[in-house]
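Below is one structure, written out as structure tokens; the observations come after it.
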Number of protein chains: 2
Amino acid sequence: MTRLTSEDDFLALLDRHFPRAHPGVILGRGDDAAVVACPDRLCLTKDLFIEDVHFRRAYFSPADVGYKALAVNLSDVAAMGGRPAGFLLGLVCPEGTDREYWDAAMAAMAALAARFDLPLVGGDLVRGDKIGISVTVWGAAGPSGRFLTRGSAAAGDVLFVVGALGLARVGLSVLEKDGPDAAGSWPAAVAAHLRPEPRVAEGLVLAGLPGVAACMDVSDGLARDLPRFLPPGCGADIFFAPAGLPPEVTAHAAGHGRPPEKAAMFGGEDYALLAAAPPAVWPEVRRALPAARAVGVVTPKPGFTLNGQPFDARGFDHFG
Amino acid sequence: MTRLTSEDDFLALLDRHFPRAHPGVILGRGDDAAVVACPDRLCLTKDLFIEDVHFRRAYFSPADVGYKALAVNLSDVAAMGGRPAGFLLGLVCPEGTDREYWDAAMAAMAALAARFDLPLVGGDLVRGDKIGISVTVWGAAGPSGRFLTRGSAAAGDVLFVVGALGLARVGLSVLEKDGPDAAGSWPAAVAAHLRPEPRVAEGLVLAGLPGVAACMDVSDGLARDLPRFLPPGCGADIFFAPAGLPPEVTAHAAGHGRPPEKAAMFGGEDYALLAAAPPAVWPEVRRALPAARAVGVVTPKPGFTLNGQPFDARGFDHFG
């Protein structure tokens, strides 16, 4: 273990992992602010990733922490149908986290950033009691020139998702219970929780289909996110065939005597894309994005049903 | 005391203080990301403001916390000669902070944002052990079209500051010793620490003077920030006449048997602007910005002197 003894020491560590130069960066790290080249519109988002709130060191490796802190922000840009363009990083580093810890965390973050060609242009660094990572990502519209928003679906639209539902929540449960060993029995669920995939390519495809009306990323469970997704006055009928659910969700629910559909409804941190398109456009969505799975239909009245039964549309509240 | 019981509750609180609509905002708070209109170049910065690292609740009122968290970020844009254009907010809210606390904090932040016509376009909100505020601000170049950077000064340039040096550090000392009562005897120092003024107008003036070569904000003390400001290979001769120092800095130094010039050199969190201009341009700077005070000259060799004596250019390290 090697202690990080100064800010300059940490900044040198960042320099080893994140290149300073990038075609879109006019002035990179090291000044009071960075200067970047922009299109006429940008999307911007910021998510916090805090120890013992969003992750535990007991079963998140340093690399998992670095990866996920950035991934959840990229997912927000993906949900806009945008192309991420760069990011800022605020780090709270407890005394007990050494150079090796941050080397591993930043290497994983840098690898994810490199996949999307994202420069790290600046940020802030402080000591604190627990690890805290604050990421700000900005992005541009894709070739379609448009961003996808919430609230633009209409009654009759097909609701569909890209990505698994409920799997990350199963991962959280088994990690809390068994720690890192859980990966042996629940590899998909653990991966979904530790290493969510930001669905940037899929979001860009959706933005490129003019019929697609709305998109968001499901971070708090479909039950809680659907009301945020739908326009006022609308509801949804959701249909989940158990056969369409991830096997580990089905197996975990069976082990706890719960219906697997509810696990899929109330999961959290899936970072799947939820989107809506008129029925006439749905075949085109399927062709362009074979991974898209219809999960229901938008109804013209508030209220939700799951496989024909009313359900209470509440999920996880960060204040609960 | 009223508990904030849910995220929606907190978001409603934010809505009371921060208008959603703004001419530069295409899509405001409430979606996965905000969409804003941009010029061809933006400056971006992000600073953390963390309880017991950057502030103590013992002597920061909630309003001081809300104000300063945003102000220190605006100072970074000011140091670029930029015009702040909007911001994102990440909040860590401990259980013990109630509605009244955040109402007061957000009211003060909103008042500062309103002074600079800044929309709050989004962010994140979590529970945690200590108050944490992560702000990201972006800005555009002013009418001059240029941003001011560090490292562009040249040997012979006049070094000048806009704002007091050492005063905020005195404020910290007396607040740590006497708590809020310190404001009675040390009003300017306490105000400098709790309510630093982001010198946006002054930065824009400097960016509009073509001869001004470089600018930064002095956040860690001149001694530590000068090496970051000067180009490699350069040094500086600094001259402080005691008569030119803030009276409270002089009085505090006298009370501790220290030279007041050193207090001005090693202070921190002043958020004064430090800039450089060739001697021929200096009169023009004085005319445009009467508050600018020359503090020294850039020398062609590394190393620093203070009133003719060499000094060790170290200041505050956040990891120290």
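A few comments on the model shown:
- Shape box of segment B:37-135 [Cα atoms, principal axes, largest first, Å]: 43, 23, 21
- Cα gyration tensor shape of segment B:158-209, rounded if a/c is under 1.5, else prolate or oblate by comparing a/b with b/c: prolate
- Segment B:164-320: relative contact order in percent, alpha carbon pairs under 8 Å with at least 6 residues between: 35 percent
- Dipole-positive endmost among B:Gly90, B:Ala71, B:Val135 within segment B:7-141 (Cβ charges, Cα centre): B:Ala71
- Segment B:56-212 - convex hull of the alpha-carbon atoms, volume per residue in Å³: 133 Å³
- Part-to-part distance (alpha-carbon centres) for segment B:26-96 and segment B:189-257, which is given in Å: 22 Å
- Flagged links, alpha-carbon separation over 24 Å, of A:Lys130/B:Lys68; A:Lys68/B:Lys46; A:Lys46/A:Lys301: A:Lys46/A:Lys301
- The same position B:Gly255 in the other copies lies at 6.4 nm from this copy, comparing label points 7 Å beyond Cα toward the beta-carbon, shortest first.
- Legend: mean number of C-beta atoms from other chains within 10 angstrom of residue C-beta atoms, peptide A:22-34, equals 6.
- A cut-off under 13 angstrom between Cβ atoms defines the neighbours of A:Ile26, and their net charge, with Lys, Arg +1 and Asp, Glu -1, is +2.
- As computed over chain A, the Cα convex hull volume per residue (Å³): 138 Å³
- In chain A, the longest principal axis of the Cα atoms and the axis of helix A:99-115 are about 50 degrees apart.
- Inter-copy separations for B:Asp181, label at 7 Å along Cα-Cβ, nm, ascending: 5.8
- The mean sequence separation of alpha-carbon pairs under 8 Å and at least six residues apart, normalised by the residue count of segment A:7-141, gives a relative contact order of 39 percent.
- Cα-based shape type of segment A:104-148, given that a ≥ b ≥ c are square roots of the gyration tensor eigenvalues and the cut on a/c is 1.5: prolate
- Rounded if a/c under 1.5, otherwise prolate or oblate - segment B:120-249, Cα gyration tensor axes: oblate
- Mean ellipticity per residue at 222 nm, deg cm²/dmol - from DSSP H runs of n ≥ 4 across the protein assembly as shown, formula -39500 (n - 2.57): -10000 deg cm²/dmol
- Degrees between helix B:167-178 axis and first principal axis of chain B (Cα, 0 to 90, nearest 10): 60 degrees
- Integer Hz, Karplus 6.51/-1.76/1.60 couplings in order for segment B:288-301, x for Gly and Pro: 6, 9, x, 6, 5, 10, 5, 10, x, 9, 7, 10, x, 10
- Net charge dipole size for segment B:184-247 [Lys, Arg +1 and Asp, Glu -1 on Cβ; Debye, nearest 20]: 80 debye
- Span per principal axis, largest first, for the Cα atoms of the protein assembly as shown (Å): 82, 45, 44
- Angle in degrees between helix A:62-79 and the longest Cα principal axis of chain A, rounded to the nearest 10: 50 degrees
- Amide hydrogen proximity for B:Asp124: with H placed 1.01 Å from N in the peptide plane, the residues at 5 or more positions away or on another chain lying under 5 Å are B:Leu89, B:Gly90, B:Leu91.
Every read-out reported here was derived from the displayed coordinates using simple, explicitly stated rules and does not represent laboratory data. No experiment lies behind these values; they were computed from the predicted model shown. Heads up, the Cβs are rebuilt from the backbone with ideal geometry, glycines too, and the neighbour counts pull from every protein chain shown.
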